[in-house]
1. Quick one: M108 ticks every box in (1) on the phi < 0 side of the Ramachandran plot; (2) surrounded by fewer than 17 Cβ atoms within 10 Å (Cβ to Cβ); (3) not in a helix (DSSP H, G or I) except a single one, so which number is it?
2. Does the stretch 152-172 hold any residues that are β-branched (V, I, T) and open to solvent by less than 20 Å² (accessible area, probe 1.4 Å), and which are they?
3. Is one or more of the residues making up the stretch 113-131 within 19 Å of S15 (Cβ to Cβ) and either open to solvent by less than 60 Å² (accessible area, probe 1.4 Å) or part of a helix (DSSP H, G or I) (or both)?
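The values are calculated or read from the model by the stated rules, or taken from the named source; none is laboratory data. Model, not experiment: these values are computed from the prediction. In this analysis, Cβ positions are derived from the backbone assuming ideal geometry, glycine residues included, and neighbour counts consider all displayed protein chains. We work out accessible area using only protein heavy atoms, side chains counted, and drop any ligands, DNA or RNA first. Shrake-Rupley method; radii C 1.70, N 1.55, O 1.52, S 1.80 Å.
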Amino acid sequence: MTESQAETKTKYDISIIRPQMRSDDFKMRGEGFAPERLAAIRKGLRTLHTLELMAQTIYKFQLTKERNEINRQLVAAMCNEMGHYQDFQVKLYEFGFRPSIFRAAFWMVGFAFGFGSRLLGKKAMFKTGIWVESKAVHHYAELLETIDWDDETRRVIEKDQADEDGHIHRWRAMLEKA
């Protein structure tokens, strides 16, 4: 684990599923940025946006009709991922970008992982969550390291990364109990 990942874990309260936003939190961003910087930001935000669509879809299709702790945790994780998806959609528009037209492919992958793991049982669901969230934490770290984000966007990405790490810990604990 890198130093920045360790910092991220302690810097944000991951018990907050959907952080509050106020009208003044929204800004038009990117004015005066070099075209190369904007291109990197656009690529990074589109990547995060589509991956969060996949994550929320996985959790949606892992849900069953049972009224149990697993489903309660899946609903909370799904809500958290929906918030991340909105975070990156907002940032895309604040920078004057649009979401990727290929994001539907990520929805389909999320459906396959979510429904497929549900069919294979609880352990498969937890292992899928751990695997997907581990990839997300790594991807977030790479994008935080390689892209020159503005400070506010960087904080959003760091908070969302901390949430993903929290999901890993939650699914690991549930896997051990299963």
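1. Failed condition: (3).
2. T153, I157, I168
3. As a first pass, look at the stretch 113-131 and keep what is within 19 Å of S15 (Cβ to Cβ): 129.
Add one more test, that the residue is either open to solvent by less than 60 Å² (accessible area, probe 1.4 Å) or part of a helix (DSSP H, G or I) (or both), and what stays is 129.
Scanning the stretch 113-131, I find at least one residue that is within 19 Å of S15 (Cβ to Cβ) and either open to solvent by less than 60 Å² (accessible area, probe 1.4 Å) or part of a helix (DSSP H, G or I) (or both), so the answer is yes.
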